1. Using the Cα centre as the reference, give the magnitude of the dipole from point charges on the C-beta atoms of the chain (Lys, Arg: +1; Asp, Glu: -1; all else neutral), rounded to the nearest 20 debye.
2. Heavy atoms only, probe 1.4 Å: what % of the accessible area of the stretch 36-181 goes to carbon and sulfur, would you let me know?
3. Given R₀ = 25 Å, what would the calculated FRET efficiency be for R19 paired with T46, taking r from the Cβ atoms and rounding to 0.05?
4. Thinking of the chain as a set of Cα atoms, what percent of all their pairs are more than 24 Å apart?
5. Given the Cα-Cα distance of K26 and A164 and 0.36 nm per residue of separation, how much length would full extension add, in nm?
6. With angles folded into 0 to 90 degrees, how steeply does helix 123-148 sit against the dominant principal axis of the chain? Use alpha carbons for both and round to 10.
7. Just T59, T11, T171 to compare: in a GNM of the chain, with alpha carbon springs under 10 Å, which one fluctuates most?
8. Name the residue, out of E168, E139, E18, whose mean-square fluctuation peaks in a Gaussian network model built on the chain with Cα pairs under 10 Å.
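The values are calculated or read from the model by the stated rules, or taken from the named source; none is laboratory data. A quick note: this is a predicted structure, and the numbers were derived from the prediction, not measured. Every residue, glycine as well, gets a Cβ built from its backbone with ideal geometry; the counts of neighbours run over all protein chains shown. Heads up: the accessible areas ignore ligands, DNA and RNA and are worked out on the full protein's heavy atoms, side chains in. Shrake-Rupley method; radii C 1.70, N 1.55, O 1.52, S 1.80 Å.
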Amino acid sequence: MSETGENTFLTDVRTLRERAKKTIEKGALTPAYQGNVQTAIDLLQTVVATELVCVLRYTMHSISVTGITSESVADEFAAHAKEERAHMMWAANRIDQLGGVPDLSPEGLATRSATEYGDGGNLVEMVRQNLVAERLVIEHYRELIRYFADHDPTTRIMLEKILAEEEEHATDMHDLLVAHEGRPFLPS
């Protein structure tokens, strides 16, 4: 606060009102946005593609898994597919908020995604494919979070929420791998 008791870091409310009225066609994107809008949209397009590929992989695995414990593993894969779809929707909606159009086209999806679709296999191979994918997105999203930092806190917070769920998915896949291979991989 200044010596007069005013908050000098806050913009005058009248000024904010005038700014809001001038550019209403930009929706949620205000002059205070500090990031590069097109770069943000481009990066979020990779998140959309990555999450779509994860939805498809987990769904394929939930359908094709076999074995004595396959029903519970299929349920886990299906639950993860549902959560990955929610992540994709969050990123797609954020692209919309920034004035872009989310790219949900199947054309070139694999090349836009950070993760791979995978190729099925037995239960353990499917769990390994999902664990590798989760570890990859964890690193990718950590990089994106550092990039967005304070320049785009809304996107950063969304990515932090996704990251927390991806870490849970990785732990789930690790636990399944331990259960089916009988040895822990993480240090105690």
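1. 680
2. Values: 3940 of 7140 Å².
Answer for the stretch 36-181 is 55 percent, counting heavy atoms of protein chains only.
3. 0.20
4. Beyond 24 Å sits 48 percent of the P(r) for the chain.
5. Result: 46.6 nm gained on full extension.
6. 10
7. It is T11.
8. Greatest mean-square fluctuation among the candidates belongs to E18.
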